[in-house]
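Worksheet: one structure, shown below.
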Amino acid sequence: MTVFLVILHALVSIALIGAITHQGLSVWRRPSPARVFFDRFRAVPAPGYATPIVVLFVTDFALGAYVYPAYILDVKASLADFGFNTHIFLFQAKEHIAVIGLMLLPAYWHYWKYTTPDKFVMIRRYITTVVMLAVWWNLVIGHLLNNVRGLM
Amino acid sequence: MTRFISLPLFSIVASLGYAVAVYVNYPLFRYYPLVERFSLIDIPDRSLGPAMAWYGWIAIAIIPAIIVGVIGQLFLPARWLDKLARLIWVVPFMILYAGWVAEKSWLLGAGG
């Protein structure tokens, strides 16, 4: 069951990273014709991504929080035994960076859903970018740790 | 929902609460996964296995955030709330600093 939940956690992360990257890059884009791939990637209706991103983030966070005790008992203990302290540090950072995203989510929701697009542009850009970076960090570090020592 | 609680204020106070809770290591409760037990106090019993403070840090941060968010929404003028919301910039840095203080020993050794 734990392995299934870890895989589900990873799959939800992949959906989340796609959505938040589209939105995170689109908030910095000025309106202009999208000719190359990178522009077309960013030329998305960003407000429409807000609700799926909140749902995916909360789901992903809940899954991660649920399997976290198994990581503490199984993976972290093994890493400590082998002296992989840098890996433990990176995962511990993941724990706090995930909370940055979680704590910013209510404000993220507010600025995407309850303000007009012409107001609070910089705050919206900032929050979206921070959430995007948090999601990227967590997926990359989670993947790295799973390669070093996955849950059985 | 935003009629009853200021969500940006909630985010700022929850982040500040989490950062302080991590910095001073004061969770609302601890969880002992080996024995699947919650405790309001840190039990110095090695047979219980490792204690997890993470859930407790989040929980203790959310309580003042709800209170301040509701009070702010009900009693503060909108322009004040907009000014306070600018403090959202410091959220990641507060948590990153507290996290660094709490976890640096993994990189620097027990003396770090």
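Structure summary
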| read-out | value |
| --- | --- |
| Meets criteria (under 24 Å from B:Pro33 (Cα atoms), within 13 Å of the chain's Cα centre (by Cα) and open to solvent by 30 Å² or more (accessible area, probe 1.4 Å)) for A:Leu102 | yes |
| Some residue of the stretch B:28-43 being within 9 Å of chain A (Cβ to nearest Cβ) and open to solvent by 40 Å² or more (accessible area, probe 1.4 Å) | yes |
| Positions within the stretch A:122-132 being surrounded by fewer than 20 Cβ atoms within 10 Å (Cβ to Cβ) and in contact (Cβ under 8 Å) with a residue 40 or more places away in the chain, in sequence order | A:Arg125, A:Thr129 |
| Some residue of the stretch A:57-80 being open to solvent by 20 Å² or more (accessible area, probe 1.4 Å), polar (S, T, N, Q) and either closer than 14 Å to A:Gly142 by Cα or within 14 Å of the chain's Cα centre (by Cα) (or both) | yes |
| Residue within the stretch B:1-14 that is more than 27 Å from A:Tyr66 (Cβ to Cβ), more than 12 Å from every other protein chain (Cβ to nearest Cβ), open to solvent by 50 Å² or more (accessible area, probe 1.4 Å) and assigned to a loop (DSSP other than H, G, I, E, B) present | yes |
| Residue list for the stretch A:47-73, filter: in contact (Cβ under 8 Å) with a residue 40 or more places away in the chain and more than 15 Å from A:Leu105 (Cα to Cα) | A:Leu63, A:Gly64, A:Tyr66, A:Val67, A:Ala70, A:Tyr71 |
| Residue list for the stretch A:78-97, filter: more than 8 Å from chain B (Cβ to nearest Cβ), aliphatic (A, V, I, L, M) and without any contact (Cβ under 8 Å) to a residue 60 or more places away in the chain | A:Ala80, A:Leu90 |
| Conditions (1) over 30 Å from A:Ala70 (Cα atoms); (2) surrounded by fewer than 19 Cβ atoms within 10 Å (Cβ to Cβ); (3) under 13 Å from the mean Cα position of the chain (by Cα); number of the one not met by A:Gln23 | (2) |
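The values are calculated or read from the model by the stated rules, or taken from the named source; none is laboratory data. Note that this is a predicted model, so its numbers are computed, not measured. Every residue, glycine among them, receives a Cβ derived from its backbone with ideal geometry; neighbour counts consider all protein chains shown. For the accessible areas, the whole protein counts, side chains as well, though only heavy atoms, and no ligand, DNA or RNA atoms are used. Shrake-Rupley method; radii C 1.70, N 1.55, O 1.52, S 1.80 Å.
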